[in-house]
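The values are calculated or read from the model by the stated rules, or taken from the named source; none is laboratory data. Treat the numbers as computed from the prediction; the structure is a model and nothing was measured. Every residue, glycine as well, gets a Cβ built from its backbone with ideal geometry; the counts of neighbours run over all protein chains shown. Just so you know, the surface numbers come from the protein's heavy atoms only, side chains and all, with ligands and any DNA or RNA stripped out. Shrake-Rupley method; radii C 1.70, N 1.55, O 1.52, S 1.80 Å.
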Amino acid sequence: MVTAALVCGNLTAFSQQTDEQFSIATLNVDGLPKKILVVNVNADGPGDAGTARIGKYLQKKGYDLVMLQEDFNYHNVLSVWLEDDYKMDEWTGSVGLDGPKIDFLHLQNHRFECDGLMACWKNDLQVTPTVRTPWTHNFGKFSHANDELITKGFRRYDATLRGGKHIVVYNMHMDATLDLDEAEGKAAPDHDARMAQWAQLKEDVLQNLDSRPVIIVGDMNSLYGRDEVKRDFIDAINESGRGKVSDVWVELQRNGVYPSERVTEATAGDETLDKILYINPTMGTTIQPIAIDIDRDGYLHDGKPLGDHYPVVATFQVVSEMTAGVNAVMNDKVERMNEKYYDLKGQRVSQPHNGIFIEQQGEHGKSNKKVIK
């Protein structure tokens, strides 16, 4: 039995070495302008100098796929560091007075057309942007994080990996909640807006779900203890029978247990507002996460974060048929090694019945068998 386990382990290690791996990062680059005229908009943001450092950071890390949010006023400063190694999606503009004319007499009707979303992918990958979709519901024009001033939404991409496998990637930015609104009990409209956005995203995912794995990343402004993401998005898609949704951080760092306690951003602990989810279709290619990193240590300059979000990075592996088969065999072996009972033919089984033997440890490590009456 030990020999069989070792053989399975060696086969799995070999097959995983042959499976394709790729990395994907999500990062809010905090690209709002410091000021518009004399009005402070993002006074403590990275600005030109900080954004250049973010560009250098991403260039050095060399992630295969980089999904950005709030790529507004410093896009050129950021992209110059990436343009040699990456291809990029369409930039939709900055926030300020240099874009479309603003009707100052009717500011309540104004919305900047930019979404701040940007995708970058290594030159040897094939990525095709397919849709740019605004949220149908936001809250807060001149309050509640001003979410209605910008055209927040999601973008969907078709990607072909180096080995020829196809995946789908979503990048998004959802409505925010201010700490003050949370503390004063005024955050319900923000919560409702986010849940409407999760519902809109779920519908798009299910309408387009096929045999390709799906990766969903972005600044979701969601915490599992305050938003019903697991119930309304993850469980809802799982219950459709068409795919299995998982959160990479929950899977690799929390053994699959989702946070359930009521929290705010300040009390959320290791959970971040930026997340990486993935969906394996019921019939099709399978991917599995093998690493997750929230880079709190590397994303620094003079001991301070480069922006108000840390990069969240996942490494995935495309599961080949060989790996899937070996893993299934290994899992079956492990399950059988953990079973304590024998049937009359000497095979391990999970439940005792009349006439089935139970394994007992005897002297010198020898196994005895006792009949269950």
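Please go through the stretch 228-268 and give me each residue that is among the acidic types (Asp, Glu) and either over 13 Å from residue 278 (Cβ atoms) or open to solvent by 20 Å² or more (accessible area, probe 1.4 Å) (or both), ordered by number.
228, 232, 235, 239, 251, 261, 265
Here is a check on your reading of the model: is residue 346 modelled with pLDDT of 95 or more, in contact with a strand residue (DSSP E or B) (Cβ under 9 Å, 6 or more places away or on another chain) and surrounded by fewer than 11 Cβ atoms within 10 Å (Cβ to Cβ)?
Spelling it out, it is not the case that residue 346 is modelled with pLDDT of 95 or more, in contact with a strand residue (DSSP E or B) (Cβ under 9 Å, 6 or more places away or on another chain) and surrounded by fewer than 11 Cβ atoms within 10 Å (Cβ to Cβ).
Output yes when any residue across the stretch 194-206 is open to solvent by 60 Å² or more (accessible area, probe 1.4 Å) and touching a residue at least 12 places away in the same chain (Cβ under 8 Å), and no when none is. Steps first, please.
Of the residues in the stretch 194-206, the ones open to solvent by 60 Å² or more (accessible area, probe 1.4 Å) are 203.
Then drop every residue that is not touching a residue at least 12 places away in the same chain (Cβ under 8 Å), which leaves none.
Checked against the condition, which is being open to solvent by 60 Å² or more (accessible area, probe 1.4 Å) and touching a residue at least 12 places away in the same chain (Cβ under 8 Å), the stretch 194-206 yields no hits at all.
Are any of the residues in the stretch 287-294 farther than 20 Å from residue 210 by Cα, surrounded by 14 or more Cβ atoms within 10 Å (Cβ to Cβ) and polar (S, T, N, Q)?
Taking every residue of the stretch 287-294 in turn, none turns out to be farther than 20 Å from residue 210 by Cα, surrounded by 14 or more Cβ atoms within 10 Å (Cβ to Cβ) and polar (S, T, N, Q).
Hey, does the stretch 137-154 have a residue that's modelled with pLDDT of 95 or more, open to solvent by 20 Å² or more (accessible area, probe 1.4 Å) and part of a loop (DSSP other than H, G, I, E, B)?
No - not one qualifying residue is present in the stretch 137-154.
When you go through 209, 252 one by one, which is the residue that is over 22 Å from residue 27 (Cα atoms) and of a type in the set (A, V, I, L, M, F, W, C)?
Numbers: 252 fails: over 22 Å from residue 27 (Cα atoms).
Among 209, 252, only 209 is over 22 Å from residue 27 (Cα atoms) and of a type in the set (A, V, I, L, M, F, W, C).
For the stretch 94-106, give me the residue count where each residue is surrounded by fewer than 18 Cβ atoms within 10 Å (Cβ to Cβ) and modelled with pLDDT of 70 or more.
Of the residues in that region, 1 qualify.
Return only the number of the condition from (1) outside any loop (DSSP other than H, G, I, E, B); (2) more than 20 Å from residue 134 (Cβ to Cβ); (3) out of contact with any Asp or Glu (no Cβ under 7 Å at 6 or more places or on another chain); (4) small (Gly, Ala, Ser) that residue 211 does not satisfy.
If we test residue 211 against (1) outside any loop (DSSP other than H, G, I, E, B); (2) more than 20 Å from residue 134 (Cβ to Cβ); (3) out of contact with any Asp or Glu (no Cβ under 7 Å at 6 or more places or on another chain); (4) small (Gly, Ala, Ser), just (1) comes out false.
Going residue by residue through the stretch 169-182, is there one that turns out to be at pLDDT below 85, under 19 Å from residue 226 (Cα atoms), open to solvent by 60 Å² or more (accessible area, probe 1.4 Å) and part of a helix (DSSP H, G or I)?
Yes, the stretch 169-182 contains at least one residue that is at pLDDT below 85, under 19 Å from residue 226 (Cα atoms), open to solvent by 60 Å² or more (accessible area, probe 1.4 Å) and part of a helix (DSSP H, G or I).
Cβ-Cβ under 8 Å, sequence separation 6+ or interchain: first residue in the stretch 251-266 and within 17 Å of residue 188 (Cα to Cα), partner open to solvent by 40 Å² or more (accessible area, probe 1.4 Å) and hydrophobic (A, V, I, L, M, F, W, C). Which pairs?
As it stands, the answer is 264/183, since those pairs meet every condition given.
Tell me, please, whether a residue that is modelled with pLDDT of 95 or more, in a loop (DSSP other than H, G, I, E, B) and among the aromatic types (Phe, Trp, Tyr) can be found in the stretch 107-124.
no
Can you work out which of the residues in the stretch 241-298 that are among the charged types (D, E, K, R) and assigned to a strand (DSSP E or B) is farthest from the chain's Cα centre (by Cα)?
Ranking the candidates gives 244 first.
From 240, 246, 211, which residue is touching a Phe, Trp or Tyr at 6+ places or on another chain (Cβ under 8 Å) and of a type in the set (S, T, N, Q)? Give the derivation first.
Numbers: 240 fails: touching a Phe, Trp or Tyr at 6+ places or on another chain (Cβ under 8 Å); 211 fails: touching a Phe, Trp or Tyr at 6+ places or on another chain (Cβ under 8 Å).
Answer to the check: 246.
I need every pair where a residue in the stretch 52-70 that is farther than 22 Å from residue 156 by Cα has its Cβ under 6 Å from the Cβ of a residue that is in a strand (DSSP E or B), sequence separation at least 6 or different chains.
Qualifying pairs under 6 Å: 53/301.
Among (1) modelled with pLDDT of 60 or more; (2) over 24 Å from residue 221 (Cα atoms); (3) in a helix (DSSP H, G or I), which single condition is residue 58 missing?
(2)
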